[in-house]
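Heads up: the structure comes next, in C-alpha coordinates.
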Amino acid sequence: MQDQLSSTFAALADPTRRAILARLAMGETSVTELAQPFQMSMPAVSKHLRVLERAGLIARGREAQWRPCRLDASPLKNAAQWIEEYRQFWAPYVDALDHHLDRMERSRLKQATQTKSASTKKKKK
(Lines give C-alpha, C1' and ligand atoms only; values in the text may rest on other atoms or scores of the structure.)
Protein backbone atom coordinates (compact mmCIF):
# COMPACT_ATOMS: atom_id res chain seq x y z
CA MET A 1 0.00 0.00 0.00
CA GLN A 2 1.26 3.46 -0.92
CA ASP A 3 1.76 6.08 1.76
CA GLN A 4 -0.51 9.13 1.74
CA LEU A 5 2.14 11.55 0.48
CA SER A 6 3.03 9.29 -2.47
CA SER A 7 -0.66 8.91 -3.35
CA THR A 8 -1.11 12.68 -3.23
CA PHE A 9 1.86 13.39 -5.49
CA ALA A 10 0.88 10.59 -7.88
CA ALA A 11 -2.61 12.06 -8.17
CA LEU A 12 -1.24 15.56 -8.73
CA ALA A 13 1.20 14.36 -11.40
CA ASP A 14 -1.48 14.35 -14.09
CA PRO A 15 -2.68 17.66 -15.60
CA THR A 16 -6.23 16.36 -16.07
CA ARG A 17 -6.48 15.52 -12.39
CA ARG A 18 -5.08 18.94 -11.45
CA ALA A 19 -7.71 20.55 -13.70
CA ILE A 20 -10.42 18.51 -12.00
CA LEU A 21 -9.20 19.65 -8.59
CA ALA A 22 -9.14 23.26 -9.79
CA ARG A 23 -12.76 22.95 -10.88
CA LEU A 24 -13.77 21.34 -7.59
CA ALA A 25 -12.07 24.19 -5.70
CA MET A 26 -14.95 26.32 -7.02
CA GLY A 27 -17.52 24.02 -5.45
CA GLU A 28 -19.22 20.67 -5.57
CA THR A 29 -20.30 19.45 -9.00
CA SER A 30 -21.40 16.34 -10.85
CA VAL A 31 -19.16 13.88 -12.68
CA THR A 32 -20.87 14.85 -15.93
CA GLU A 33 -20.02 18.52 -15.41
CA LEU A 34 -16.44 17.62 -14.49
CA ALA A 35 -16.07 15.64 -17.71
CA GLN A 36 -17.34 18.40 -20.04
CA PRO A 37 -14.04 20.27 -20.64
CA PHE A 38 -12.11 17.08 -21.46
CA GLN A 39 -12.10 15.22 -24.72
CA MET A 40 -12.25 11.79 -23.16
CA SER A 41 -14.77 9.12 -22.40
CA MET A 42 -16.71 8.97 -19.15
CA PRO A 43 -14.86 5.77 -18.14
CA ALA A 44 -11.55 7.65 -18.56
CA VAL A 45 -12.82 10.51 -16.40
CA SER A 46 -14.01 7.97 -13.84
CA LYS A 47 -10.49 6.48 -13.69
CA HIS A 48 -9.07 9.92 -12.91
CA LEU A 49 -11.70 10.40 -10.23
CA ARG A 50 -10.84 7.03 -8.66
CA VAL A 51 -7.17 8.05 -8.43
CA LEU A 52 -8.16 11.33 -6.77
CA GLU A 53 -10.54 9.53 -4.44
CA ARG A 54 -7.91 6.93 -3.41
CA ALA A 55 -5.53 9.80 -2.67
CA GLY A 56 -8.20 11.34 -0.46
CA LEU A 57 -8.37 14.50 -2.57
CA ILE A 58 -12.03 14.18 -3.49
CA ALA A 59 -15.15 12.72 -1.97
CA ARG A 60 -18.03 11.42 -4.05
CA GLY A 61 -21.62 11.23 -2.89
CA ARG A 62 -24.85 9.76 -4.08
CA GLU A 63 -28.05 11.70 -4.13
CA ALA A 64 -30.62 9.87 -6.26
CA GLN A 65 -29.35 10.20 -9.85
CA TRP A 66 -26.82 12.90 -8.97
CA ARG A 67 -23.25 11.85 -8.15
CA PRO A 68 -21.69 14.98 -6.65
CA CYS A 69 -17.92 15.33 -6.23
CA ARG A 70 -16.28 17.69 -3.80
CA LEU A 71 -12.72 18.65 -3.03
CA ASP A 72 -11.04 17.42 0.14
CA ALA A 73 -7.83 19.43 0.26
CA SER A 74 -6.57 18.03 3.57
CA PRO A 75 -3.94 15.74 1.91
CA LEU A 76 -2.51 18.83 0.21
CA LYS A 77 -1.48 20.15 3.63
CA ASN A 78 0.98 17.29 4.10
CA ALA A 79 2.30 17.76 0.57
CA ALA A 80 2.77 21.50 1.19
CA GLN A 81 4.59 20.79 4.45
CA TRP A 82 6.92 18.34 2.70
CA ILE A 83 7.67 20.86 -0.06
CA GLU A 84 8.22 23.61 2.51
CA GLU A 85 11.06 21.61 4.05
CA TYR A 86 12.96 22.07 0.78
CA ARG A 87 12.21 25.77 0.31
CA GLN A 88 15.70 26.72 1.43
CA PHE A 89 17.08 24.99 -1.66
CA TRP A 90 14.84 26.56 -4.30
CA ALA A 91 13.79 29.91 -2.82
CA PRO A 92 17.12 31.67 -3.57
CA TYR A 93 16.71 30.80 -7.25
CA VAL A 94 13.21 32.24 -7.34
CA ASP A 95 14.46 35.41 -5.62
CA ALA A 96 17.37 35.69 -8.07
CA LEU A 97 15.00 35.30 -11.01
CA ASP A 98 12.72 37.98 -9.56
CA HIS A 99 15.65 40.40 -9.21
CA HIS A 100 16.83 39.62 -12.75
CA LEU A 101 13.36 40.29 -14.18
CA ASP A 102 13.17 43.57 -12.25
CA ARG A 103 16.54 44.66 -13.73
CA MET A 104 15.37 43.70 -17.22
CA GLU A 105 12.15 45.71 -16.79
CA ARG A 106 14.02 48.78 -15.50
CA SER A 107 16.43 48.51 -18.42
CA ARG A 108 13.54 48.21 -20.89
CA LEU A 109 11.79 51.25 -19.39
CA LYS A 110 15.02 53.26 -19.42
CA GLN A 111 15.63 52.37 -23.07
CA ALA A 112 12.04 53.24 -24.02
CA THR A 113 12.34 56.60 -22.24
CA GLN A 114 15.63 57.35 -24.01
CA THR A 115 14.18 56.38 -27.39
CA LYS A 116 11.12 58.57 -26.81
CA SER A 117 13.31 61.46 -25.68
CA ALA A 118 15.55 61.17 -28.75
CA SER A 119 12.51 61.01 -31.02
CA THR A 120 11.04 64.16 -29.40
CA LYS A 121 14.34 66.04 -29.87
CA LYS A 122 14.47 65.13 -33.56
CA LYS A 123 10.93 66.42 -34.12
CA LYS A 124 11.80 69.77 -32.54
CA LYS A 125 14.70 70.33 -34.94
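Of note:
A quick yes/no check of all residues on (1) within 30 Å of LEU52 (Cβ to Cβ); (2) modelled with pLDDT under 85; (3) polar (S, T, N, Q); (4) assigned by TED's automatic domain parsing to the domain that holds SER30:
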{"site": "GLN65", "(1), (2), (3), (4)": "yes, yes, yes, yes"}
{"site": "CYS69", "(1), (2), (3), (4)": "yes, no, no, yes"}
{"site": "ASP72", "(1), (2), (3), (4)": "yes, no, no, yes"}
{"site": "ALA96", "(1), (2), (3), (4)": "no, no, no, no"}
{"site": "LEU109", "(1), (2), (3), (4)": "no, no, no, no"}
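- Only residues that are over 15 Å from ILE58 (Cα atoms) and hydrophobic (A, V, I, L, M, F, W, C) were counted across the stretch 6-34, and they come to 1.
- Number of the exception - LEU21 against (1) surrounded by 14 or more Cβ atoms within 10 Å (Cβ to Cβ); (2) in contact with a Ser or Thr (Cβ under 8 Å, 6 or more places away or on another chain); (3) not aromatic (Phe, Trp, Tyr): (2)
- One residue from GLN88, GLN81, GLN114, GLN65 being under 18 Å from the mean Cα position of the chain (by Cα) and without any contact (Cβ under 8 Å) to a residue 24 or more places away in the chain: GLN81
- Condition check for ARG50 on (1) modelled with pLDDT of 90 or more; (2) of a type in the set (Lys, Arg); (3) farther than 23 Å from GLN36 by Cβ: one failure, at (3).
- So GLY61, is it touching an Asp or Glu at 6+ places or on another chain (Cβ under 9 Å), surrounded by 10 or more Cβ atoms within 10 Å (Cβ to Cβ) and at pLDDT below 85: yes
- Selection within the stretch 33-55: residues that are touching a residue at least 12 places away in the same chain (Cβ under 8 Å) and under 15 Å from PRO68 (Cβ atoms). The member of this set that is surrounded by the most Cβ atoms within 10 Å (Cβ to Cβ) is LEU52.
The values are calculated or read from the model by the stated rules, or taken from the named source; none is laboratory data. Remember, predicted model here, so these are calculated numbers, not experimental data. Reconstructed Cβ throughout: ideal geometry from the backbone, glycine too, with neighbour counts over all protein chains shown.
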